[in-house]
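In what follows, a structure is listed as structure tokens, so that the remarks can point back to it.
Values in this text are rule-based calculations from the coordinates and carry no lab data. Just so it is clear, the structure is predicted and the values come from calculations on it, not from any experiment. All Cβ positions, even for glycine, are placed from backbone atoms using ideal geometry, and neighbour counts span all protein chains on display.
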Amino acid sequence: MFKYTLDNKRYHTLNYYLKNKFNCKVYKVSLNAGFTCPNIDGTKGYGGCIYCSKTGSGEHGGNPHKDLITQFNDVKEVIDKKWPNAKYIAYFQARTNTYAPLKVLKEKYETVLKIDNVIGLDIATRCDAINNETLDYLEELSKRTFLTIELGLQTTKEETSKLINRGHTLKEFDDMVKKLRDRNINVVVHIINGLPYETEEDMLNTVRHLNKLNIQGIKIHMLNIIKDTPLETLYNKDNFHILTKEEYIDIVIKQLELLKPEIVIHRITSDPDIKTLVEPKWLTKKFCVLNDIDKEMVRRNTYQGKYYK
Ligand code: SF4
């Protein structure tokens, strides 16, 4: 059995990591704190990343019209019935969750930290949206709670980065990872497989690069084309190749084989909103994709880090 798992998985699951660390069920509650994004409002760019949905990639986040405590309690009420002793991580998911004056950030983070049984914060953001003042506060915060900063990278290929209008360079990303790690803050990185015109080698290179950085976790997504986005327009115009389920599984397994075994896999497929998904349709069967990855890893007799040197 792979070392970092509690079940039949052959990769370092988040479930394993959290159970080992906290010795109880830990549930992540997605919140929408109503932030915007510097890649949308013109500070860094206009229009955002070409795949970004109206919710700012927060499809499963809370309702921004409700306050944070209500959003949190709506979920907690349901989870408490199943796991009465669960602990919680509040996940600031939608858009760029460090993009506001420090006073506003503090007010939002500290509000949820006061809720009973919240043992950590998970904050999704961009590498170009954390200033030094915020970094100092995050460092202090990480000493009193389990703090994770999630950074979107998507790809290391600069050509693709321009095409998707990511709005920052690889160097800016690397520098921010270093700043966070110098402060001992956990870093989880998002990558996307199947970006337009990327080859398998491009996707493997992204993982090779991440291995060189001191990151603690990764979220691997499959590109989803969402209605009414610039990506949908590009797809309708150029009809670029969409990875089949089999191609995606093959690439994910090769990425896992390269990845350091200590890096925790927070996500290994995407979870799109069926109502707005254009392609790929196979993504709607998330558990089928997860099962097929497990089965294929067994068939290949492989595991995370097999080829990590
Ligand atoms: S950084 Fe996130 S919220 Fe901002 S445009 Fe890109 S995907 Fe959307």
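Counting pairs of Cα atoms in the stretch 257-309, how many percent are more than 13 Å apart? For the stretch 257-309, the fraction of Cα-Cα distances above 13 Å is 67 percent. DSSP assigns beta bridges within the chain; of those with both partners inside it, close to 10 percent run antiparallel.
Our summary of shape: the Cα atoms of the stretch 84-213 have principal axis extents of 47, 36, 25 Å, ordered from largest down, in whole angstrom. Give the residues of the stretch 287-309 whose amide nitrogen is closer than 19 Å to a point set 7 Å from the Cα of Asp250 in the direction of its Cβ. Within reach of a label on Asp250: 289-303, 307. Treating each Cα of the stretch 102-159 as an identical point scatterer and summing with the Debye formula, the log10 of I(q)/I(0) at q = 0.13, 0.21, 0.22 Å⁻¹ comes to -0.39, -0.86, -0.92. Legend: Rg and Dmax of the chain, from Cα coordinates, 18.7, 53 Å. Packing here is the average count of other Cβ atoms within 10 Å per residue, and on that basis the peptides 296-303, 8-15, highest first, run 8-15, 296-303. Residue ranges 283-291, 218-226 sort as 218-226, 283-291 when ordered by packing (mean number of other C-beta atoms within 10 Å per residue, highest first). In the stretch 180-283, the inverse of the mean reciprocal separation of distinct Cα atoms equals 14.8 Å; this is its Kirkwood hydrodynamic radius.
Rounded to the nearest Hz, the phi-derived 3J(HN,Hα) couplings of the stretch 123-133 under the Karplus curve 6.51 cos²θ - 1.76 cosθ + 1.60 (θ = phi - 60°) are 10, 8, 7, 10, 5, 9, 10, 10, 8, 4, 4, where x marks glycine and proline. Only DSSP H runs of four or more residues enter the estimate; each adds -39500 (n - 2.57), and after division by the residues of the chain the mean residue ellipticity at 222 nm equals -11500 deg cm²/dmol. Loop-located trypsin sites (Lys or Arg not before Pro) across the stretch 68-169 with a Cβ neighbour count of 14 or fewer within 10 Å are Lys114, Lys143, Arg144, with loop assigned by DSSP. Take every DSSP beta bridge whose two residues both sit in the stretch 187-278; close to 10 percent of them are antiparallel. Annotation: amide H-H contacts under 5 Å for Asn97 (H modelled 1.01 Å from N, sequence separation of 5 or more, or interchain): Ala124, Thr125, Arg126. Extension gain, Asn63 to Phe240, is 60.3 nm, computed as 0.36 nm per intervening residue step minus the present C-alpha separation.
The calculated FRET efficiency for Lys275 paired with Asp74, based on their beta-carbon distance and R0 = 25 Å, is about 0.75.
FRET efficiency for the pair Leu204 and Asn20, taken as 1/(1 + (r/R0)^6) with r the Cβ-Cβ distance and R0 = 22 Å, rounds to 0.15.
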